[in-house]
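For reference, the structure is listed below as structure tokens.
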2 protein chains.
Amino acid sequence: MTDGPVPRRRRADARRNVDALIEAARKVFDTSGVDAPAKEITDLAGVGVGTLYRHFPQRSDLVKAVVETGIDEVADAGPALAGAYGPGEALTRWIDRYTELLGTKRGLASALHSGDPAFAGLPGYFMQRLGPTLAALLEAAVTEGALRDDVGAEDLLHAVAQLCQPVPGRGPEHGRRMARLLVDGLRRVDGPGPPGRRPEPPIARGAGSS
Amino acid sequence: MTDGPVPRRRRADARRNVDALIEAARKVFDTSGVDAPAKEITDLAGVGVGTLYRHFPQRSDLVKAVVETGIDEVADAGPALAGAYGPGEALTRWIDRYTELLGTKRGLASALHSGDPAFAGLPGYFMQRLGPTLAALLEAAVTEGALRDDVGAEDLLHAVAQLCQPVPGRGPEHGRRMARLLVDGLRRVDGPGPPGRRPEPPIARGAGSS
DNA sequence: GAACTATACGGAAGAGCTTTCCGGTTGAGC
DNA sequence: GCTCAACCGGAAAGCTCTTCCGTATAGTTC
């Protein structure tokens, strides 16, 4: 039903240009906001405007691609961090990456909440990609005994996202600090805390049986 | 210091046009979003573009005026409702008006959260205008014994605003329902509830000694 | 109520951004 | 190496925003 005759592969230069455009758009959005002139993006990507509009007929398509790429990267960072660090440290670092994503969305947030139907699928994509990633990190930390086991991945994603909402008086650093605080609150005082900032002296309570 | 020589009063036609522009902008924003072409607004208001730009040099000025007008209307509705209905009913109706305001902000919300310094003063204006209004309504209902007395006006404003935050899957009706629920939760089971929906039979608990 | 003046109006013009379109170019398969 | 579909770049058309200035009018004074 869905598998029509695949016409041909996409050409290599086309793929290169799409990647270059997304990368350029990410930088420009971050610097000049989502409403930055298209030319700024095409110049940075080193392509003509025609190329931009062929691959992204609507501006929202480009915005969506940038956001999805950002989400993908953070999701992919999960397994990588889990491989490189212990469960507790991996979790901390991943949350940092996540708040970073929420922070760079700065300019994008307004676009996302604009009610434009083009973005309707994004929240779903967000949860679908990040939920399992965080769930795996949490589970590892819980198994190791470093973390309480009564918080779900999606709840945590939501909570951190809320904390990172820009507050008029505060800078963007505020959300990250609050998020760290929240995650620290999840740690078991008797578990292996993150290096260098272990909380209160351990209370004897049958340290992690792993 | 602040009172220089007041040059003259604003001309009547100017005031008329400003009002017409705000009214038109409100409709257009609601229909086509905040990014609607300026001409759409000026046409609806029946003025030239020059007039728009004279009174609202920046687009954010117009947005701000629309929001403030909305806030003012809801604030002014407080005393009016208090005069026309009993305390409990007045409160319910006012909260409905308030959720309506939060709902129409739909298109505006993205602009408000954009971090544009032009909107920095709005949250303050919001609280300053609506806080006392709701406080008066609450106090009347508490005095009458219809309401618990342990919730502050600003907290309630915040809470309802949170509940009305658009959630991806839900429609705009969702927030209003949640808000009604919240307010119903404030009612004293032994007090005179709103007509036609008195809650559970009173639980003997030493009916308010106040 | 007539004259005067500061204030305000409307819309044309200028500038910039978005989007379309098409001749020329290039990657992929044979 | 040849062929063709896919792709590229940038000129040009179409919109929108913003400024500017000649004209109109509300408010004031006599």
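Things to note:
- With the label put 7 angstrom out from Cα along the Cα-to-Cβ vector, A:Pro57 ends up 4.2 nm from the copy partners, going from closest to farthest.
- Plainly put, the tip 7 Å out from Cα toward Cβ on A:Arg16 is 6.5 nm from that tip on each other copy, the closest given first.
- A Förster distance of 30 Å, applied to the separation of the beta-carbon atoms of A:Ser32 and A:Tyr125, puts the FRET efficiency at 0.75.
- Check: the stretch B:7-57 dipole with +1 on Lys, Arg Cβ and -1 on Asp, Glu Cβ, in debye: 500
- Charge dipole (the stretch B:58-137, unit charges on Cβ, about Cα centre) - positive-most of B:Tyr125, B:Thr104, B:Ala80: B:Thr104
- Spacing of the modelled spin labels on B:Ala80 and A:Arg54, each 7 Å from Cα toward Cβ, amounts to 5.8 nm.
- The same position A:Gln128 in the other copies lies at 4.7 nm from this copy, comparing label points 7 Å beyond Cα toward the beta-carbon, shortest first.
- Excluding same-chain neighbours fewer than eight residues apart, the aspartates and glutamates reachable from B:Lys27 by a Cα-Cα span under 19 Å are A:Asp116, B:Asp19, B:Asp35, B:Glu40, B:Asp43, B:Asp61, B:Glu68, B:Asp72, B:Glu73, B:Glu100.
- Taking the charge dipole of the stretch A:7-57 about its Cα centre, with +1 at Lys and Arg Cβ atoms and -1 at Asp and Glu Cβ atoms, the residue from A:Ser32, A:Ala14, A:Thr51 reaching farthest to the positive side is A:Ala14.
- Integer Hz, Karplus 6.51/-1.76/1.60 couplings in order for the stretch B:142-156, x for Gly and Pro: 5, 4, 6, x, 8, 9, 4, 10, 10, 10, x, 5, 5, 4, 5
- Percent of Cα pairs exceeding the 15 Å cut-off, where the set is the stretch A:7-57: 42
FYI, it's all coordinate maths here, none of it is from the lab. Just so it is clear, the model here is predicted, and its values are computed rather than measured. All Cβ positions, even for glycine, are placed from backbone atoms using ideal geometry, and neighbour counts span all protein chains on display.
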